[in-house]
Number of protein chains: 2
Amino acid sequence: MAQKYTTREEDYSKWYNELVARAELAENSGVRGCMVIKPYGYAIWEKIQAQLDKMFKETGHQNAYFPLFVPKSMFEAEEKNAEGFAKECAVVTHYRLKTDPENPSKLIVDPEAKLEEELIVRPTSEAIIWSTYKNWIQSYRDLPILINQWANVVRWEMRTRIFLRTAEFLWQEGHTAHATKQEAIAESELMLDVYTTFVEQFMAMPVIRGRKTESERFAGADDTYCIEAMMQDGKALQAGTSHFLGQNFAKAFDVKFADKEGKLDYVWATSWGVSTRLMGALIMTHSDDEGLVLPPALAPIQVVIVPIHRTEEELAAITEVVNTIQTDLRALGISVKFDDDDNRRPGWKFAEYEAKGVPVRLAVGPRDLANGVVEVARRDTKEKFAMNIEGIAPEIKQLLDAIQTNLYETSLARRAAGMHTVDSYEEFKTRLEAEGGFYLAHWDGTAETEEKVKKETQATIRCIPLDTPSEPGVCMVTGKPSAGRVVFAKAY
Amino acid sequence: MAQKYTTREEDYSKWYNELVARAELAENSGVRGCMVIKPYGYAIWEKIQAQLDKMFKETGHQNAYFPLFVPKSMFEAEEKNAEGFAKECAVVTHYRLKTDPENPSKLIVDPEAKLEEELIVRPTSEAIIWSTYKNWIQSYRDLPILINQWANVVRWEMRTRIFLRTAEFLWQEGHTAHATKQEAIAESELMLDVYTTFVEQFMAMPVIRGRKTESERFAGADDTYCIEAMMQDGKALQAGTSHFLGQNFAKAFDVKFADKEGKLDYVWATSWGVSTRLMGALIMTHSDDEGLVLPPALAPIQVVIVPIHRTEEELAAITEVVNTIQTDLRALGISVKFDDDDNRRPGWKFAEYEAKGVPVRLAVGPRDLANGVVEVARRDTKEKFAMNIEGIAPEIKQLLDAIQTNLYETSLARRAAGMHTVDSYEEFKTRLEAEGGFYLAHWDGTAETEEKVKKETQATIRCIPLDTPSEPGVCMVTGKPSAGRVVFAKAY
């Protein structure tokens, strides 16, 4: 009997949690707020990493590695940044355990091994990196520095949720240093473009590109660019951010450079990052009640082949044909798995690979062989049809491309349907509650109004969009002048 | 004027530290015992990672990710393991900082944010992983589990040294679970083979494969296999270990499985790892007084091309030819850099790429072009010779292979010269002091004798070699019977 799973309709949040477990992506660990990323989930993350890493290198960045720990005095140097993260950081205070004198099978913290200065487990690495850059930068010749780091970070969140908000998560953080303000701004915009391209083309997830309001900015940034995606329940998910840090960290760590004329000035900075949160976005954008749906570009297995047979002879005949198909698919760069495990029935396998989001399934039985065809099933549309074995590899490649495109277009259409333009605060409140979704509305530009909306509706300003023409108007809440519409939504 | 660097002869240890800085591999950070791995050093580590990862996957392993933190009660579950790491672990005790009431620009640990249970920053992940495996394993059908993790770990070492011994380091740790003892032993031996192949073929570093004595075993292991390499100063460096963990962790975390007959038994385990320590081994095996020497298989840049020109026209003519050479080299999978930076003179560039260990340097001037040749310089032998531009790419490929082979053979010859067979403890002590190197000697098998030798000479038993036929004899220290020679040496 197939287990009954919660549908999106019934309980979106429960559906998500069950799906993460069912597709074997990750699970909660015995450590509060920390997750175990299971092999199948990690294989998707590796695909994300590989593609982003390639794009970072193509845009001139190099990887490096900086320490996990930040001494407290270094952590507090940039005040806004420190203030922003102080309330949620793991602090190392001791460096040794000893046997509990009252219970020799237990260990206790050795009070004599107290650190002179506490170490913060990095919630982000600006502080440690800029204290390092100080020694690397003397003149304009040392600039720009274009470095990325793949690392784990820790933010002691009180309410955690697998992939979306965990105490420890994996991410990449770029940290660049520049001679001019213009160059740093151009870098932060470039990386927003890189993120947009990656998320739209590989994750098949449309995003709105924008700038954060002052109250939603990264702690320590002069400007935060972001990409915001709409999940199937109409809530927003911030998928990536790119910060123009001005000279804030250079001032905090006294990092100056001599320009061509020998004049000293503080260095300009950016930082930018995406995390395992993208896994949550990927899941919530495409998946359905049968399980995960993966865009082919990020699927660890793009094609699974299931034999349908009664006898060993039938399996042998199927295997022979399948081996050729596999070779041809692999020659086109397609990852394929032939699941001939005899302990599982085809129906079980079908459900399993559906749950795991494998984009294309081929089933091959003796009658198919006789007809020179296989049965193809698309994960995205659930269509099934026969395909000739002769010349199948390029056909499958086209099909994978079509699935990738379809997933993007479906998400785009759903977002369009969930994007509303409103001018009345009453209408905004009513519709937000009833329908969810994104609301393009006028705002007077004050933190007070922003806060009022947040308090009254739980919606935040997700961003001031970059790609829509600015159209002056009046704030839906206060009636004061507004320079243009911003995006309001409830968010993950 | 070129800076004068310390030679190996003058001070091996100082030479190493200077070289790490000079080749821009890494540096000490502002965090005690933690290093910053700089882009060039990290690029070498990425090459190491990529190759090992490929070999792990080819032998059936998958990557996953487990939490950074281990709750104290979980950490202490396997007693020997806990005892082995308790003295050197970073302990998180609090999860929040707050503004110092006496100095509002400073932060202090918030005493109200004390964790109920302290968290240990993982020094190794057996505890957290086996507490997870407990939920993954019910029957023999769930076995084997073949998982690897790329991660950072922390061991609070008192005396640190870049790459060789740092408080935080990067590594991979494999953790496998098996139904039978034989299968687990076979796995730990297989991974020792993988490490041997990688280190010998890619790092060009010959190793002795062996087993550790009981006192040198990993804390919590029943048996530790290792590979030991000889550095240029005659000291040993443990380059990788593979542990047969018996049922120790399964018992500590109560992980049982039902076999085909339904009988319950504890699961058998292995773990195995190599770390950024390999970077230290790589440096100390091949480098010389001019800087780093890299085996082509792990060199981020395999070929550098330096133009020798006076005028823009000369540079244009050189660039045209070089572009063709670059295309041809890249088509053969060779990584190449054309350094036409006009701010640096050729002599500076030569020294720079020598320091960075680039295996092959090509220099091209107008006269070379006229003769249809380039000047080739080998980093390993420092030979220089002309090579025809016509058909140069396959020639360079052969040259890179020859360099790879030469580096291995040179290291092998040096190791052979530094490997001594001794039967008298007096001779051992005298020669160890005078020459360093490895000593094949008889040992009576007791921890007492091992400890005595260590105390009196600082030499430890590096391993009981696997690949030399056992030859009974008498212990060089006590005269008691010995089953075979073991390897004594001073070690990093």
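Laboratory data are not the source of any read-out in this text; all were calculated from the coordinates shown. On a predicted model such as this, the values are computed, not experimentally measured, just so you know. Using ideal geometry, Cβ is built from the backbone for each residue, glycine included, and neighbour counts are taken over all protein chains shown.
Once you sort the root eigenvalues of the Cα gyration tensor of the range B:326-385 as a ≥ b ≥ c, which label holds: rounded (a/c under 1.5), prolate (a/b larger than b/c) or oblate (the other case)? Rounded, because the longest to shortest axis ratio a/c is under 1.5.
Computed from the alpha carbon atoms alone, the convex hull of the range A:14-286 holds 146 Å³ per residue.
Of B:Lys384/B:Lys490; B:Lys80/B:Lys256; B:Lys114/B:Lys455; B:Lys14/B:Lys87; A:Lys260/B:Lys337; A:Lys490/B:Lys38, which sit over 31 Å apart, Cα to Cα? The pairs that break the limit, which is 31 Å between Cα atoms, are B:Lys384/B:Lys490; B:Lys114/B:Lys455; A:Lys490/B:Lys38. Restricting the calculation to Cα atoms, the protein assembly as shown yields a radius of gyration followed by a Dmax of 30.4, 98 Å.
Close amide H pairs (under 5 Å, H built 1.01 Å from N) link A:Arg161 with A:Thr166, residues at least 5 positions away or on another chain.
Taking the Cα centre of the range B:54-109 as origin and charging only Cβ (+1 Lys, Arg; -1 Asp, Glu), how large is the dipole, in debye to the nearest 20?
260
Per-residue shielding of B:133-144, expressed as the average number of other chain Cβ atoms within 10 Å of the residue Cβ, stands at 1. Once the range A:260-304 is represented by equal point scatterers at the alpha-carbon sites, with solvent omitted, what log10 I(q)/I(0) does the Debye formula produce at q = 0.14, 0.17 Å⁻¹? The Cα Debye sum returns log10 ratios of -0.53, -0.65.
Sorted shortest first, the distances from the A:Glu320 label point to those of the same residue in the other copies are 5.9 nm; each point sits 7 Å from Cα along Cα-to-Cβ. Within the range A:12-86, the ratio Rg/Rh, alpha carbon atoms throughout and Rh by Kirkwood, equals 1.11. Our note on the geometry: Cα centres of the range A:234-265 and the range B:135-212, 40 Å apart. Remark on B:Thr460: its backbone amide H falls under 5 Å from those of B:Ala489, B:Lys490, B:Ala491, a criterion applied only to residues 5 or more positions apart or on other chains, H modelled at 1.01 Å from N.
Between helix A:181-201 and chain A, what is the angle of the helix's C-alpha long axis to the longest principal axis, kept within 0 to 90° and rounded to the nearest 10? For A:181-201 against chain A, the angle is about 20 degrees. For the protein assembly as shown, the Cβ-based charge dipole about the Cα centre amounts to some 740 debye (Lys, Arg positive; Asp, Glu negative; other atoms uncharged). Phi angles of the range A:394-407 translate, via the Karplus equation with coefficients 6.51, -1.76, 1.60 and θ = phi - 60°, into HN-Hα couplings of x, 5, 5, 4, 4, 4, 4, 4, 5, 5, 4, 5, 4, 4 Hz per residue; Gly and Pro are given as x.
Counting only Cα atoms, the size of the range B:419-489 along its three principal axes is 28, 24, 18 Å, in decreasing order. Summary of the geometry: the range B:382-429 and the range A:66-132, compared by the centres of their Cα atoms, lie 46 Å apart. Shielding of peptide B:105-118 by partners, expressed as the average count of other chain Cβ atoms within 10 Å per residue Cβ, is 4.
Starting from the range A:114-221, pick out the trypsin sites (Lys or Arg not before Pro) whose DSSP state is loop and whose Cβ has at most 16 other Cβ atoms within 10 Å. In loop regions of the range A:114-221 (DSSP not H, G, I, E or B), the sparsely surrounded trypsin sites (Lys or Arg not before Pro) are A:Arg159.
Phi angles across the range B:98-112 convert, under the Karplus curve 6.51 cos²θ - 1.76 cosθ + 1.60 with θ = phi - 60°, into 3J(HN,Hα) values of 9, 5, 5, x, 8, 7, x, 8, 10, 10, 10, 5, 7, x, 7 Hz, Gly and Pro given as x. Per residue, the Cα convex hull of the range A:112-251 amounts to 158 Å³.
Across the identical copies, the label point of A:Lys454 (7 Å from Cα in the Cβ direction) is separated from its matches by 5.7 nm, in order from shortest.
Can you give the average number of partner chain beta-carbon atoms within 10 Å of each beta-carbon in peptide B:310-322, as a whole number?
0
I'd like the trypsin sites (Lys or Arg not before Pro) in the range B:323-382 restricted to DSSP loop residues with at most 15 other Cβ atoms within 10 Å, sorted by number. Within the range B:323-382, the qualifying trypsin sites (Lys or Arg not before Pro) (loop, at most 15 other Cβ atoms within 10 Å) are B:Arg344, B:Lys382.
Around the Cα centre of the range B:419-489, unit charges on the Cβ atoms of Lys, Arg, Asp and Glu (plus for the first two, minus for the last two) sum to a dipole of about 120 debye. Plainly put, the tip 7 Å out from Cα toward Cβ on B:Ala258 is 7.7 nm from that tip on each other copy, the closest given first. When all alpha carbon pairs of the range B:175-242 are counted in 10 Å bins from zero, the resulting P(r) reads 20, 48, 27, 5, 0 %. Computed from Cα atoms, the angle from the helix B:447-457 axis to the main principal axis of chain B rounds to 40 degrees. As a length-normalised measure over Cα pairs under 8 Å and 6 or more apart, the relative contact order of the range B:307-440 settles at 20 percent. With Rh defined as the Kirkwood radius, the inverse of the mean 1/r over Cα pairs, the Rg/Rh of the range B:298-403 is 0.92. For B:Ser482, the amide hydrogen comes within under 5 Å of the amide hydrogens of B:Gly473, B:Val474, B:Cys475, counting only partners 5 or more places away or on other chains and with H modelled in the peptide plane.
Entry note: chain B has Rg to Rh equal to 1.03, where both radii use alpha-carbon atoms and Rh is the Kirkwood radius.
Summing Lys, Arg as +1 and Asp, Glu as -1, what charge do residues with Cβ under 15 Å from the Cβ of A:Gly473 carry, A:Gly473 excluded?
-2
Residue ranges B:455-462, A:309-316 sort as B:455-462, A:309-316 when ordered by packing (mean number of other C-beta atoms within 10 Å per residue, highest first). Exposure proxy shown here: for A:Glu83, A:Glu58, the number of other Cβ atoms within 10 Å sets the order, fewest to most, as A:Glu58, A:Glu83. Using θ = phi - 60° in the Karplus curve 6.51 cos²θ - 1.76 cosθ + 1.60, the 3J(HN,Hα) couplings for the range A:153-169 round to 9, 10, 10, 6, 6, 7, 10, 10, 7, 3, 6, 7, 7, 10, 4, 10, 9 Hz; x is entered for Gly and Pro.
Restricting the range A:1-108 to chymotrypsin sites (Phe, Trp or Tyr not before Pro) that sit in a DSSP loop and have at most 16 other Cβ atoms within 10 Å of their own Cβ leaves A:Tyr5.
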